[in-house]
Amino acid sequence: MTSTTPKSGQIMETGTMIDHIAFWQAPKVLETLKLQALGKPVAMLLGHPSSRYQKKDLLFIDNWEPDSVTELKVVLLAPYATINLIRDFQIEKKIKPQLPDIVEELMLCPNPRCITHSEEVPHKIRTVEGRLPFECYYCEFRYSHDQVKFL
Ligand SMILES: [Zn+2]
């Protein structure tokens, strides 16, 4: 295997290639996409050489495009991910979703004592600069991408 990222067209004519997923995080991203029921062909490449991150994962999903909520979920799990839409064996569009300041009704607070686990309040997570980029709006618990769980 060379250090060149596989050309999308070598894999599929139409679909989505998610590039720059952190090493060994692609299975978690794939699970989040909830593609099982659709029966789409998927290829997963783990630990591909990357000049920027040494190793990265990629996902190739045939004949499928993410909606905006799914794009946001991908970048919440994989902050450096690029979502490439493939048409006619070419990258037609590159999507780098921007994180909103507050993510509402999408992620669970990992703190088991948080009010969100016992009372009917909307789930709100702030995005902040730093190694622990997520903070619960209520209990201020800080956590990282690898602790993200969706509602
Ligand atoms: Zn909380």
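Bear in mind that the values in this text are calculations on the coordinates, not laboratory data. Predicted, not measured: the structure shown is a model, and the values here were computed from it. Heads up, the Cβs are rebuilt from the backbone with ideal geometry, glycines too, and the neighbour counts pull from every protein chain shown.
Taking chymotrypsin sites (Phe, Trp or Tyr not before Pro) across segment 16-77, the ones in a DSSP loop with at most 14 further Cβ atoms lying within 10 angstrom of their Cβ are 23, 24, 53. Each label point was placed 7 Å from the Cα along the Cα-to-Cβ direction; for residue 126 and residue 31 their separation is 2.9 nm. Expressed as a whole number of Å, what is the distance separating the alpha-carbon centroids of segment 33-62 and segment 84-98? The distance from the Cα centre of segment 84-98 to that of segment 33-62 comes to 14 Å.
Phi-derived couplings, Karplus 6.51 cos²θ - 1.76 cosθ + 1.60 at θ = phi - 60°, listed residue by residue for segment 67-78: 8, 5, 5, 5, 4, 5, 4, 4, 6, 5, 8, 10 Hz, with x used for Gly and Pro. Here r is the Cβ-Cβ distance between residue 140 and residue 87 and R0 is 41 Å; the resulting FRET efficiency, rounded to 0.05, is 0.40. Taking each residue as 0.36 nm, the span from residue 40 to residue 98 lengthens on full extension beyond its C-alpha to C-alpha distance by 18.2 nm. Tell me whether segment 8-95 comes out rounded, prolate or oblate; compute the Cα gyration tensor, take square roots of the eigenvalues as a ≥ b ≥ c, and use a/c under 1.5 as the rounded threshold. Rounded shape, in that the Cα axes give a/c under 1.5.
What is segment 102-147 by shape, rounded, prolate or oblate, if you read a ≥ b ≥ c off the alpha carbon gyration tensor as root eigenvalues and call it rounded for a/c under 1.5, prolate for a/b larger than b/c, and oblate otherwise? Prolate. Net charge dipole, the chain: roughly 500 debye, given to the nearest 20, about the Cα centre with Cβ charges of +1 for Lys and Arg and -1 for Asp and Glu.
Once each of the GluC sites (Glu not before Pro) sitting in a DSSP loop with at most 10 other beta-carbon atoms within 10 Å is removed, the chain keeps 1-104 as its longest stretch.
Placing unit charges on the Cβ atoms of the charged side chains and taking the dipole of segment 89-140 about its Cα centre, the candidate lying farthest along the positive direction among 123, 95, 110 is 95. Each residue of segment 51-58 was assigned a 3J(HN,Hα) from its phi angle through the Karplus expression (A = 6.51, B = -1.76, C = 1.60, θ = phi - 60°), giving 5, 7, 10, 6, 9, 9, 10, 9 Hz with x at Gly and Pro. Sparsely packed loop sites in segment 50-115 (the trypsin sites (Lys or Arg not before Pro) outside DSSP H, G, I, E and B with at most 11 other Cβ atoms within 10 Å) comprise 52, 113. Estimated from helical segments only, the mean residue ellipticity of the chain at 222 nm is -3500 deg cm²/dmol, where each DSSP H run of four or more residues counts as -39500 (n - 2.57). Dividing the Cα radius of gyration of the chain by its Kirkwood radius returns 1.01 for Rg/Rh. The residues packed around residue 85, meaning those with a beta-carbon under 9 Å from its beta-carbon, carry a net charge of +1 if Lys and Arg are +1 and Asp and Glu are -1.
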